[in-house]
Structures are given as structure tokens and as C-alpha cells.
1. Mind listing whichever residues of the range 68-89 are touching a residue at least 40 places away in the same chain (Cβ under 8 Å) and part of a loop (DSSP other than H, G, I, E, B)?
2. Would you please name the residue that is surrounded by the fewest Cβ atoms within 10 Å (Cβ to Cβ), looking only at residues in the range 108-145 that are among the aliphatic types (A, V, I, L, M) and touching a helix residue (DSSP H, G or I) at 6+ places or on another chain (Cβ under 6 Å)?
3. Cβ-Cβ distance below 6 Å, separation of 6 or more or different chains: which pairs start in the range 40-62 with a residue that is in a helix (DSSP H, G or I) and end on one that is surrounded by fewer than 15 Cβ atoms within 10 Å (Cβ to Cβ)?
4. Check residue 105 against each of (1) crowded, with 18+ Cβ neighbours inside 10 Å; (2) part of a loop (DSSP other than H, G, I, E, B) and name the one condition it does not meet.
5. Considering only residues that are under 15 Å from the mean Cα position of the chain (by Cα) and more than 21 Å from residue 33 (Cβ to Cβ), which ones fall in the range 90-107?
6. Within the range 24-39, how many residues turn out to be assigned to a helix (DSSP H, G or I) and either in contact with a His (Cβ under 7 Å, 6 or more places away or on another chain) or touching a residue at least 60 places away in the same chain (Cβ under 8 Å) (or both)?
7. Please work out which residue is nearest to residue 104 (Cα to Cα), limiting yourself to the range 1-23 and to residues that are at pLDDT below 70 and either hydroxyl-bearing (Ser, Thr, Tyr) or assigned to a helix (DSSP H, G or I) (or both).
Amino acid sequence: MLKSRWHVDDHYIIGHSDISPERKDDPSGYFPWSSLYNKLSIFPDLFNSSLSQKKQHKVIIGTNATYTLERLSKVQTDLVQFGYTHLTLSLGVYDNNTAYVFQAFNRHFSPEIFEKETIDPDTELTVHHESNMFWYGISQERLEKLLSYN
């Protein structure tokens, strides 16, 4: 329906969280992006990984990870190139904006490491997990593949 009503190209189907990662979290981590892409026949082999499980889950950038400013800047630049442009990313700075973009990317493209959100029964607010705001081996592999499709 989305495609026919609004004439959206398959490659431009995204979630609210991709546009406004600091305030939107839909679709949730439960959304089957890989199934959608398979049905649309886009991003071939995106969800196949050549990394071991250990390397997929290795934190490359995060609050307790050791990383260089150059590496962080490169990831930030690549994310902007791919289309995560709503938030201003301060190159070389791991701040809230960068963490929100990492979370949005992981929710969409790295389901293996994404810890699904839950709803707090008292407040009815979404409970986010800090680990989703880190950059992993699988995140890096997926971003490199996505950039290669362009």
C-alpha cells in the first residue's frame, strides 16, 4: 500500500526511528526488516554475515570500548552518507546524538545484537537498552554492505 499510494522506491522504505532517532522508536526491534527486503528483492545478502558470532557481538564503539577518534569519525561520516542526517553528529564525539543514530541503525539493520524494547507497565513508556546504542562488528559489516549497494 505504501509503495502504490505514495510511489515510494523500495530502497527508500524506512522507519520513523531512522528519521528521528532521538524521539521515535517505531517500528520496534521486532519488525522483520530482513523479510521485507527479501520480499522486495533489495539488499541481497545483507543479513548474511561472514563474521563469527563473537566478532558480530564485539563492541567497536561504546561507553566502555576502546576506539580511536578517527574510527568514530569514519563511522559517523558513513552513517551520514547512508542517510542518517536528521541529527547533527559531532565528528569524533560519542554523544547522545551518535548513540541515538547507532540505536536506530541497529534496530533496523542488526537484529542479531539488538535487545528488543519493552514497555514499562507503570509508565507505559518504551524501555531502551544502553547496549543498543553501541557500534558492533555486525553494525560495521552491515553499513559497509549498504554503502556498497549505492
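The values are calculated or read from the model by the stated rules, or taken from the named source; none is laboratory data. Source: prediction; values computed, not measured. Here Cβ is always computed from backbone atoms with ideal geometry, including for glycine, and neighbour counts include all displayed protein chains.
1. Across the range 68-89, the qualifying residues are 83, 84, 86, 87.
2. Among those residues, the one meeting the criterion is 113.
3. Close Cβ pairs (under 6 Å, with a partner that is surrounded by fewer than 15 Cβ atoms within 10 Å (Cβ to Cβ)) amount to 40/10.
4. Result: residue 105 passes all but (2).
5. 96, 97, 98
6. Residues that pass the stated criteria total 2.
7. Ranking the qualifying residues of the range 1-23, first place goes to 16.
For (1) closer than 16 Å to residue 14 by Cβ; (2) touching a strand residue (DSSP E or B) at 6+ places or on another chain (Cβ under 8 Å), each residue gets a yes or a no:
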| residue | (1), (2) |
| --- | --- |
| 38 | no, no |
| 58 | no, yes |
| 84 | yes, no |
| 101 | yes, no |
| 104 | yes, no |
